[in-house]
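Notes follow the structure.
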């Protein structure tokens, strides 16, 4: 017999499959995630400047009655309430957000007052939330003022069990005052903190003149005001442009400031004079979001790695205030040079980006300029004002209804008492006899006997008149945009008094001042200048002997080695080493091995091939020139600035044909006007220096033409002074031939035999 009941089975999961292109399904789901990240996590709301996690934190603390006048409560209690009721995320992320709201070096106007270890400017983390306590600050209370007055909408929490405000309605301009930063999907926000008094001044200008130009706002709105102070050293034009477009960046610097014992000039420069002409620099403020411990570590590493040789030591003498002491290597060090080097090499100078990307009243992300942002904020505050006024009107209407009922009861008190005593259902009888509403009758019946003595006609009439006057004023406010602007201005001016420039919390901390022209410096400028004698042997061993030693004296070399190049220099100089393959290498004289031994192989310091020979060594001179010539008679002039190599691999300067080598590397004196070239065939040519091209790299031009052999040597000279050469022998006489006109020809000629007595090795 077949069963009358059909067997119930689980639905087939494959029935829920949707036939759709994979890319469309993926993009749709990613878009949902992106919108959630943008609107519910990363971007602040323009109206209260808060992200959801911060808003929920403050709301939870308000629900716990953690007002400034109340006792502290454990942070764990706050975090528990937040993640349990409002924000279903990790406790670590919520506590980190709470810690930031309490750090006076992170937030310009802290919204949470912490008790216990909430981290420090060194970069140390806060203690666990079971050890710390917190409560709200006065600023947070101002930001939440009006929550009970119908000013904002309340929305269900994630599980629908609680209600939370959509935004905070307070008049405190938190978005610009405390700033915000966050990274969403495809967009980000980065807003620095600002001075509340300046934000209010700019807002008042816009209220008075909604069409005010951006330049008018920047007259009172100076720029960022960071919690850690410091300086913003960009020009006023650059700062103004950033706020006009809503995008830009600011260059922040730490502040040097000495103790009060120093003179005014030294105090502002951060210089503290010590005995014997010694001095030290003192850093009193550091850039925003730079950890003090990290900055000191950076400076210490520069000293240890000898990248900042003009600095001897760094000490942290900070207590509640920052005091980083820098001790220079020598009292001769230029303080401005030391500051500039620290700005370039450490986070003592850093950048803060500006990206005014916020959610407007429709929860749409928009990048706004300063004027547009303030106009939207003013509109939001006017909307809050209107909602508060309408809410108050409803409250007044409800109270007036009761007051009218109380007056009617007072005027007929005996009859009211009689009805209550004698009637089983007094309420409908009272409503009919005295024309009362249901609420009025209910209120009279619910009065306690002791309240009867308060029913004084004059008092009730005074309350009614006051409520009627307030209602009339609110109705005028709602109907008049001018009155609304006046009320907002009044509230802002009252707030400005609390956060004015003369208050401890409102005083500007960051100085806006365009930096002086940058002090040009190099690492050479940070090296103490001392004389040194550079010696390079035939086998390529190099050393630097202290002082300027007599170059004609004898130097010690390894057995089988001998002198090749010797010259006087300074420790701040650079040595240009030229090899016969046309490649140049650069070495600093301060890094040369000492002169007590034989030195070190130059090939261990730069990457010179073993089979390549060194043909020239020159001391680098800014804007100097070298005459470079190969053995095939081709050559050119090269700027020394173009020959400097930044790496061990050097720089290829002379391009040589196969079988050719670089033979001449000769410094061109500024007063020289001609070039002299002699070949292996003992032919000499002299031509004008202007015919020699200045090149960065290449083969050059033909200096002298040869039938056989090649170039032997080349030099430069002043033609009127003639050509000089050493005669040799024990006397070491030098001969000068002034009448050289007969050897002057066009560049590239074959030339003729040199004057009588010219050296037989064909070398100048």
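The values are calculated or read from the model by the stated rules, or taken from the named source; none is laboratory data. Here the structure is a predicted model, which is why all the values come from computation and not from measurement. Don't worry about glycine lacking a Cβ; one is built from the backbone with ideal geometry, like all the others, and counts go over all protein chains shown.
The residue pairs whose first member lies in the range 414-435 and is in contact (Cβ under 8 Å) with a residue 12 or more places away in the chain and in the same structural domain as residue 401 (by TED's automatic domain parsing), whose second member is surrounded by 14 or more Cβ atoms within 10 Å (Cβ to Cβ) and part of a loop (DSSP other than H, G, I, E, B), and whose beta carbons are closer than 8 Å, counting only pairs six or more residues apart or on different chains, are 430/436; 434/412. Just so you know, in the range 149-205 the residues that are over 32 Å from the mean Cα position of the chain (by Cα) and outside any loop (DSSP other than H, G, I, E, B) include one that is nearest to residue 501 (Cα to Cα), and it is 165. Each residue in the range 29-45 was checked for being in contact with a strand residue (DSSP E or B) (Cβ under 7 Å, 6 or more places away or on another chain) and surrounded by fewer than 23 Cβ atoms within 10 Å (Cβ to Cβ), and 3 of them qualify. Given the structure, is residue 94 closer than 21 Å to residue 45 by Cβ and either buried (at least 19 other Cβ atoms within 10 Å of the Cβ) or within 32 Å of the chain's Cα centre (by Cα) (or both)? So residue 94 fits the description; yes.
Find the helices (runs of 4 or more DSSP H) located wholly in the range 1-81 whose residues include 1 or more that are at pLDDT 95 or above and in contact with a helix residue (DSSP H, G or I) (Cβ under 9 Å, 6 or more places away or on another chain), and list them. If you could, list the steps in order and put the result at the bottom.
On the way: elements: 22-37, 52-63, 75-81.
By residue number, 52-63, 75-81.
With respect to the conditions (1) in a helix (DSSP H, G or I); (2) closer than 18 Å to residue 337 by Cβ, residue 280 lacks only one, and its number is (1).
I'm trying to understand the selection: among the residues of the range 296-325, which are more than 30 Å from residue 191 (Cα to Cα) and assigned to a loop (DSSP other than H, G, I, E, B)? Outline the logic, then answer.
Of the range 296-325, the ones more than 30 Å from residue 191 (Cα to Cα) are 300-317, 325.
Within the range 296-325, 305, 306, 307, 308, 309, 310, 317 qualify.
Residues considered: 615, 606. Of these, the only one that is assigned by TED's automatic domain parsing to the domain that holds residue 698, in a loop (DSSP other than H, G, I, E, B) and in contact with a strand residue (DSSP E or B) (Cβ under 6 Å, 6 or more places away or on another chain) is 606. Of all residues in the range 720-747, exactly one satisfies the criterion of being in contact with a helix residue (DSSP H, G or I) (Cβ under 9 Å, 6 or more places away or on another chain), at pLDDT 85 or above and surrounded by 15 or more Cβ atoms within 10 Å (Cβ to Cβ), namely 747. The condition (being outside any loop (DSSP other than H, G, I, E, B) and on the phi > 0 side of the Ramachandran plot) is satisfied by just one residue among 248, 293: 248.
Among the residues in the range 636-657, are any more than 47 Å from the chain's Cα centre (by Cα), part of a strand (DSSP E or B) and surrounded by 14 or more Cβ atoms within 10 Å (Cβ to Cβ)? No, there is no match, as no residue in the range 636-657 is more than 47 Å from the chain's Cα centre (by Cα), part of a strand (DSSP E or B) and surrounded by 14 or more Cβ atoms within 10 Å (Cβ to Cβ). Does the range 104-141 hold any residues that are in contact with a helix residue (DSSP H, G or I) (Cβ under 7 Å, 6 or more places away or on another chain), outside any loop (DSSP other than H, G, I, E, B) and surrounded by fewer than 20 Cβ atoms within 10 Å (Cβ to Cβ), and which are they? Matches in the range 104-141: 133 only.
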